[in-house]
Amino acid sequence: MNSPRIMVQRIPSLPPEQDDHFYGYGVMGLPFASGHVLAMRKMHSSLGPKYESVWHRSPEGAWTMWSDVPPSQSCPRYWGNDLQRAIQAPIAISWPGPSRMTVKIDNGRHLDWEVQLGSTLITRTLSAAGRTMPPTLWRHRAVLSAMAAIAGPMLGAERIALQGNASNGQRFRVNPDRVWFVTGGQAILNGTDLGAFGPLPERASLGDFIIPQRGVMAVGHVFFESFDQARHLSVTSRAGQVIRGR
């Protein structure tokens with residue numbers, strides 16, 4: 001089976017879509033026994049340039065998202081109502097090994113994060129199912145609900161969400177092509193070592209998106225409803241930055 005590094009290098013540009021469309025890869029969520037949570041995304045985007053984003057939740061429950069493009073063109077566009085801060089900053093994602101990824105914010109001054117990935121029979125089985133699923137089935141809510149109900153326990157992540165409402169109200173659906181487990185690594189945030197990986201006492205979430213209780217990385221598509229001023233919030237954080245619909 002191809003390594004994660006090879007697979008992420010093959011991600012193509014996006015075709016036109018009616019909804020906001022993203023294709024790329026990310027650590028869906030990585031909980032630490034200390035109560036911290038990290039996640040990351042590297043995405044081709046129908047809204048503008050491809051971007052990189054890092055998510056952090058403190059043990060007190062405060063969410064921050066960094067992006068290397070304006071927040072209105074990246075993840076805070078959809079999750080801003082649950083964010084304490086949305087920050088534009090340089091992010092560097094590199095692959096020093098076939099299954100080893102590093103993520104740095106501002107040359108590591110804010111975040112220096114290393115992730116080691118591994119595959120098992122479970123991740124290979126789920127990846128094979130994701131690759132062979134017809135696109136029409138990925139659009140059905142009942143299919144997504146069934147897949148999430150099966151995949152969550154198989155991944156040891158308890159519950160996962162492949163569809164639902166984002167914090168700002170837009171409907172989302174996630175179509176993973178491939179998955180791997182996070183098997184090792186470390187993270188230093190603002191000079192503090194976040195410590196060992198471990199499940200949280202209570203699951204963390206953003207809108208209807210549930211953070212897995214173990215580290216999982218996925219390659220795949222994500223779709224959101226296009227912005228509708230009558231139904232969706234336009235904040236990119238609780239500080240109140242406003243974005244405009246397309």
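The values are calculated or read from the model by the stated rules, or taken from the named source; none is laboratory data. Fair warning: this is a prediction, and the values are worked out from it, not measured in the lab. Here the Cβ is made from the backbone with ideal geometry for all residues, glycine too, and neighbour counts use every protein chain on show. Heavy atoms of the whole protein, side chains included, go into the accessibility calculation; ligands, DNA and RNA do not. Shrake-Rupley method; radii C 1.70, N 1.55, O 1.52, S 1.80 Å.
Observations on the model:
- Two-site FRET efficiency, A239 against M133, from Cβ-Cβ distance with R₀ of 35 Å, rounded to 0.05: 0.35
- Summing charges over all other residues whose Cβ lies under 11 Å from the Cβ of M7, with Lys and Arg as +1 and Asp and Glu as -1, gives +3.
- Comparing the range 122-193 with the 2.2 N^0.38 Å rule of thumb, its C-alpha radius of gyration ratio is 1.34 (two decimals).
- Residue-averaged 222 nm ellipticity for the chain, from DSSP H runs of 4+ at -39500 (n - 2.57), nearest 500: -4500 deg cm²/dmol
- For the range 1-133, the Cα gyration tensor yields ellipsoid semi-axes of 24, 20, 15 Å (square root of five times each eigenvalue, largest first, whole Å).
- Where only alpha carbons of the chain are counted, the Rg and the Dmax (Å): 16.7, 47
- Annotation: amide H of L47 within the under-5 Å range of H21, sequence separation 5 or more or interchain, hydrogens built in the peptide plane.
- For the range 163-173, the Karplus equation 6.51 cos²θ - 1.76 cosθ + 1.60, evaluated at θ = phi - 60°, returns couplings of 7, x, 10, 6, 4, 8, x, 6, 6, 10, 9 Hz by residue, with Gly and Pro reported as x.
- For the chain, the fraction of 1.4 Å probe accessible surface lying on carbon and sulfur atoms is 50 percent.
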